[in-house]
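The values are calculated or read from the model by the stated rules, or taken from the named source; none is laboratory data. Just so it is clear, the model here is predicted, and its values are computed rather than measured. Here the Cβ positions follow ideal geometry from the backbone for every residue, glycine too, while neighbour counts run over all protein chains shown. The accessibility values were calculated without ligands, DNA or RNA, using every heavy atom of the protein model including side chains. Shrake-Rupley method; radii C 1.70, N 1.55, O 1.52, S 1.80 Å.
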Amino acid sequence: MQSKNKKPPTQAERRHIERVKSLPCSVCDASAPSDCHEINQGQWFTSIALCKDCHQGGLNGIHGQKRMWAIKKMDELAALNVTVERLMHG
């Protein structure tokens, strides 16, 4: 869902978002489609591919208790590394 205060993504950003969504989750490897989570709002080129649970799950999600993140010993930078590697070599 688009925030009211955030400008819409450019055409290049939309292409990038769709590529990220086509990847498996960068934390738990759940199959695509994934959500495209921005590390910093509005900076689409540093987005992470996350399944619904690792993104918005109350227990596992980045916006929740981050349990899956802790189990996998990951933070947003580590997940971004996985996303970029998959974009470059996938």
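I need the full set of residues from the stretch 45-66 which are among the aliphatic types (A, V, I, L, M) and within 18 Å of P33 (Cα to Cα), in order please.
Once the filter is applied, which keeps residues that are among the aliphatic types (A, V, I, L, M) and within 18 Å of P33 (Cα to Cα), the stretch 45-66 yields I48, A49, L50, I62.
Looking only at residues that are of a type outside the set (S, T, Y), under 10 Å from the mean Cα position of the chain (by Cα) and open to solvent by 10 Å² or more (accessible area, probe 1.4 Å) in the stretch 45-61, which one is nearest to V20 (Cα to Cα)?
Here the answer is C51.
How many residues are surrounded by fewer than 18 Cβ atoms within 10 Å (Cβ to Cβ) and either assigned to a helix (DSSP H, G or I) or touching a residue at least 12 places away in the same chain (Cβ under 8 Å) (or both) when one looks only at the stretch 62-71?
Within the stretch 62-71, residues that are surrounded by fewer than 18 Cβ atoms within 10 Å (Cβ to Cβ) and either assigned to a helix (DSSP H, G or I) or touching a residue at least 12 places away in the same chain (Cβ under 8 Å) (or both) number 3.
Of everything in the stretch 10-27, what is open to solvent by 50 Å² or more (accessible area, probe 1.4 Å), under 12 Å from the mean Cα position of the chain (by Cα) and among the polar types (S, T, N, Q)? Give them in sequence order.
Within the stretch 10-27, the subset open to solvent by 50 Å² or more (accessible area, probe 1.4 Å) is 10-11, 14-15, 18-19, 21-22.
Remaining after also requiring under 12 Å from the mean Cα position of the chain (by Cα): 18-19, 21-22.
Once the filter is applied, which keeps residues that are open to solvent by 50 Å² or more (accessible area, probe 1.4 Å), under 12 Å from the mean Cα position of the chain (by Cα) and among the polar types (S, T, N, Q), the stretch 10-27 yields only S22.
Is there any pair with a first residue in the stretch 72-90 that is in contact (Cβ under 8 Å) with a residue 60 or more places away in the chain and a second that is open to solvent by 30 Å² or more (accessible area, probe 1.4 Å) whose Cβ atoms are under 8 Å apart and which are 6 or more apart or on different chains, and what are they?
Pairs found: R86/P24; L87/R19.
Is at least one residue of the stretch 28-35 outside any helix (DSSP H, G or I), free of Cβ contacts under 8 Å to residues at least 24 places away in the same chain, out of contact with any Lys or Arg (no Cβ under 6 Å at 6 or more places or on another chain) and buried (at least 16 other Cβ atoms within 10 Å of the Cβ)?
yes
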